[in-house]
Amino acid sequence: MSGGKTSKVTLHLSKEHDVGSDKTASEEGRKRTRDEDLAVLKRSPLRDDPGRAFVLLETLRIVNNNLPFRIGEYEKSLIIRDLMLKEEARVALNAKVIRHSVVELYDATKRQVQAMLTESRIGSAKSYSVVADFRTASAMNTNFLGLRLYLVDSSYRFKSVLLGTQHFAPQYGERDGGIRGPFYRWMGDMLEDFGLSRHDLFGSTSDDGPDVKWMMRSGLKLCWEWCVPHFTHAATKTAFGIAAESGSSKNPAMTDMLRRIVETVYQTQHVEVLGTLFSELCSVMTDED
């Protein structure tokens with residue numbers, strides 16, 4: 001074995017037998033993406049404004065990694081900035097600057113997406129597909145609604161664009177008749193922000209949730225299909241008897257076995273005596289083997 005990061009065996013398999021690993025391919029793909037991003041940045045006007053480039057790149061890092069907006073104000077961040085950056089790149093990086101940069105980046109991204117959508121239009125034909133879904137943040141006990149657009153661009157490449165993710169909490173008066181009204185208005189407003197309307201949409205995929213499915217099929221009158229991951233997830237749960245009520249299970253024997261497993265695990269984790277007995281039983285069985 002070599003003392004470097006890549007062993008002689010790995011190098012031999014790669015060079016002599018053209019055998020690689022998924023991990024290696026993934027790492028090479030990430031490196032190629034980084035190189036491409038770096039090449040784009042070097043060609044951009046920001047090349048002549050390192051301070052501005054630093055602010056925007058740090059904003060992207062903060063947003064993408066869910067870091068605090070005031071991380072640039074931390075003492076260690078200031079030390080790293082003053083020690084490692086050239087004088088022209090040493091700019092203020094506080095929460096106010098980051099908030100302004102987020103707005104600037106969103107506006108630039110939105111303009112680019114709008115230009116791509118304009119170029120990909122095919123006359124008045126309905127050529128876009130959408131996916132809308134709700135997500136619940138358990139820690140905050142809040143719901144978020146996301147809308148993603150799928151299309152084939154002017155270069156005949158399949159693309160998807162996340163148009164928006166929003167905290168979905170309509171007022172009581174708005175949801176008096178259910179959430180479908182606010183849901184419908186929110187989707188219309190989001191599409192309008194990008195120069196689209198409901199008439200530009202052809203199809204949709206989603207889970208079988210009643211509100212989302214109704215919105216796609218009846219509200220927007222789109223050609224609706226099951227989202228494959230959601231469909232296979234639901235099919236797997238049905239096939240293996242994972243059901244809230246035993247009476248509704250399509251596989252009663254498996255449902256009963258899963259119930260017994262859950263009860264056993266709960267008892268051994270939460271009842272001290274049973275947990276000790278279970279540990280002793282495992283030790284005895286191991287010794288016998």
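Only one entry in L78, L83 is in a helix (DSSP H, G or I), assigned by TED's automatic domain parsing to the domain that holds F54 and exposed (fewer than 11 other Cβ atoms within 10 Å of the Cβ), namely L83. For the structure I just gave you, tell me whether L145 is more than 19 Å from F202 (Cβ to Cβ), of a type in the set (A, V, I, L, M, F, W, C) and in a strand (DSSP E or B). Taking the combined requirement at face value, the residue satisfies it.
Within region 39-56, which residues are assigned to a helix (DSSP H, G or I) and either loosely packed, with under 14 Cβ neighbours inside 10 Å or touching a His at 6+ places or on another chain (Cβ under 7 Å) (or both)? Across region 39-56, the qualifying residues are A39, V40, L41, K42, R43, P45, R47, D48. Meeting the requirement of 2 or more residues that are among the acidic types (D, E), free of Cβ contacts under 8 Å to residues at least 24 places away in the same chain and exposed (fewer than 11 other Cβ atoms within 10 Å of the Cβ), the helices (runs of 4 or more DSSP H) wholly within region 174-289 are 272-288.
Kindly evaluate Y150 against the criterion of being assigned by TED's automatic domain parsing to the domain that holds G203, surrounded by 12 or more Cβ atoms within 10 Å (Cβ to Cβ), of a type outside the set (A, V, I, L, M, F, W, C) and free of Cβ contacts under 8 Å to residues at least 24 places away in the same chain.
Numbers: assigned by TED's automatic domain parsing to the domain that holds G203: yes; surrounded by 12 or more Cβ atoms within 10 Å (Cβ to Cβ): yes; of a type outside the set (A, V, I, L, M, F, W, C): yes; free of Cβ contacts under 8 Å to residues at least 24 places away in the same chain: yes.
So Y150 passes the test.
When R111, R99, R61, R34 are checked against the criterion of being among the charged types (D, E, K, R), outside any loop (DSSP other than H, G, I, E, B) and at pLDDT below 85, a single residue qualifies: R34. I'm trying to understand the selection: among the residues of region 115-152, which are out of contact with any Ser or Thr (no Cβ under 9 Å at 6 or more places or on another chain) and more than 17 Å from T165 (Cα to Cα)? Of everything in region 115-152, those that are out of contact with any Ser or Thr (no Cβ under 9 Å at 6 or more places or on another chain) and more than 17 Å from T165 (Cα to Cα) turn out to be A115, L117, T118, I122, G123, S124, A125, K126, A139.
Please state which one of G188, G195, G203 is at pLDDT 85 or above, within 22 Å of S127 (Cβ to Cβ) and in contact with a Cys (Cβ under 7 Å, 6 or more places away or on another chain). It would help to see each step written out before you state the result.
Numbers: G188 fails: in contact with a Cys (Cβ under 7 Å, 6 or more places away or on another chain); G195 fails: in contact with a Cys (Cβ under 7 Å, 6 or more places away or on another chain).
G203 is the lone residue from the list that is at pLDDT 85 or above, within 22 Å of S127 (Cβ to Cβ) and in contact with a Cys (Cβ under 7 Å, 6 or more places away or on another chain).
Looking at this structure, is T165 outside any helix (DSSP H, G or I) and of a type in the set (V, I, T)? Yes: the conditions hold for T165.
The values are calculated or read from the model by the stated rules, or taken from the named source; none is laboratory data. Note that the structure is predicted; figures quoted are calculated from it, not measured. Please note: Cβ atoms are built from the backbone with ideal geometry, for glycine as well, and neighbour counts cover all protein chains shown.
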